[in-house]
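The values are calculated or read from the model by the stated rules, or taken from the named source; none is laboratory data. Here the structure is a predicted model, which is why all the values come from computation and not from measurement. In this analysis, Cβ positions are derived from the backbone assuming ideal geometry, glycine residues included, and neighbour counts consider all displayed protein chains.
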Amino acid sequence: MLGYEATGVEADPAYAEFARSMLRAPVTTGFLEDGRVPERQFDCVTAFHVIEHVFDPVQFLVILRRLVRPGGKLLLEAPDVESPFPRGNRRFHRAHLHYFSLESLAACVAAAGWNKLECGRSWDGGNLFLLAQESGAARQLPDSPQGPASLQRFRDAMRAAAYYGSPVLVRRLQRQVFSRAMEWFAAAVSSGPEQVFQRAAAAHFRPEAARR
């Protein structure tokens, strides 16, 4: 997939079957907790918008650590609770069991035995990303990772002025329109689901400099 030898885990049987049959992706149906994925077999594990859905984020990260070879990498992405995007009731989703700031996400990663290499926010400020390396040395999770300063940032992000005054608001809306147009174009000119996926992925993941 996209030049990588990859495998995936998907809890929903219909989505997993679609990935296997239509996209030809090696996806296993189930949960990581089932133990169906071999340990110490991967150079890198990724979880994009997954950690906010699991019951125990630290245990989830411990399971991911068991899957990588010594020194293996972890790449996470999750919504940023301190971001001014999205607005109103769209900020809190009923399927999200946890909400993260950079500090709380980094604390969970450290508690699970990962060494943080890099972390930050997406260009539009809506999501967090974190890159870590397997260290095997778990650290104690702080009792209160969300301190007063973090709570104040969250309160500030909830204000309408933070949303409408954001310097990336117009660019964010433009990018969303562009992305939807590219996905529609990919569907219109492709002969099957696999081509749709490849064309849409190429549009989304081309280098930032090429988008400007």
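Here A47 meets the list (1) farther than 20 Å from S122 by Cβ; (2) of a type in the set (G, A, S); (3) within 16 Å of the chain's Cα centre (by Cα) almost entirely, failing just condition (1). Just so you know, in the stretch 20-67 the residues that are of a type in the set (K, R) and assigned to a helix (DSSP H, G or I) include one that is surrounded by the most Cβ atoms within 10 Å (Cβ to Cβ), and it is R65. State yes or no: is L2 surrounded by fewer than 13 Cβ atoms within 10 Å (Cβ to Cβ), modelled with pLDDT under 85 and in a loop (DSSP other than H, G, I, E, B)? Criteria met by L2.
Those helices (runs of 4 or more DSSP H) of the stretch 88-194 in which at least 1 residues are at pLDDT 80 or above and surrounded by 13 or more Cβ atoms within 10 Å (Cβ to Cβ), considering only elements entirely within it, cover 102-111.
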